[in-house]
1. Please specify each residue of region 4-22 satisfying the condition of being at pLDDT below 90 and either among the aromatic types (F, W, Y) or touching a strand residue (DSSP E or B) at 6+ places or on another chain (Cβ under 9 Å) (or both).
2. Can you pull out the residues in region 8-17 that are surrounded by 10 or more Cβ atoms within 10 Å (Cβ to Cβ) and either part of a loop (DSSP other than H, G, I, E, B) or touching a residue at least 40 places away in the same chain (Cβ under 8 Å) (or both)?
3. Scanning for something among the aromatic types (F, W, Y) and either modelled with pLDDT of 90 or more or surrounded by 10 or more Cβ atoms within 10 Å (Cβ to Cβ) (or both), does region 51-67 turn up at least one residue?
4. Test each condition in (1) at pLDDT 85 or above; (2) assigned to a loop (DSSP other than H, G, I, E, B); (3) loosely packed, with under 10 Cβ neighbours inside 10 Å for P70 and report the one that comes out false.
5. Restricting attention to region 30-38, does a residue exist that is surrounded by 10 or more Cβ atoms within 10 Å (Cβ to Cβ) and touching an Asp or Glu at 6+ places or on another chain (Cβ under 9 Å)?
6. Of everything in region 12-42, what is over 18 Å from the mean Cα position of the chain (by Cα) and within 25 Å of G57 (Cβ to Cβ)? Give them in sequence order.
Amino acid sequence: MASLERQPGAAYEIGYDAVPLESVANKARQLPRDYITDSGNDIREEYRAYAEPLAGGPLAGYASLDAAQPEHANFPRGGQ
């Protein structure tokens, strides 16, 4: 089976190779822990630099749920 692999460097370049089908079929790869912040709830800039060329532009941000919580809601804030 043909495979595509991102080459190291700031510019988006790929390399081509052949791999046995059984080594990739029905397999999942998890995001390496090195790309996740120590708090576990965000990505590091290294992953953003890797992923944005693949996505075709900047990765979308997300809203803070604490900021979106109505003041009248009686939920603990800040994970307390």
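1. Listed by number, the residues that qualify are L4, E5, R6, Q7, Y12, E13, I14.
2. Y12, E13
3. In the first step, residues of region 51-67 are kept if they are among the aromatic types (F, W, Y); the result is 62.
With the extra rule that they be either modelled with pLDDT of 90 or more or surrounded by 10 or more Cβ atoms within 10 Å (Cβ to Cβ) (or both), the set shrinks to none.
No, every residue in region 51-67 fails to be among the aromatic types (F, W, Y) and either modelled with pLDDT of 90 or more or surrounded by 10 or more Cβ atoms within 10 Å (Cβ to Cβ) (or both).
4. Here P70 clears every test but (1).
5. Yes, because at least one residue in region 30-38 is surrounded by 10 or more Cβ atoms within 10 Å (Cβ to Cβ) and touching an Asp or Glu at 6+ places or on another chain (Cβ under 9 Å).
6. Hits for region 12-42 are E13, I14, G15, Y16.
The values are calculated or read from the model by the stated rules, or taken from the named source; none is laboratory data. Keep in mind that what you see is a predicted model, and the values were worked out from it rather than measured. Positions of Cβ are generated from backbone atoms using ideal geometry, with glycine treated the same way; all protein chains shown enter the neighbour counts.
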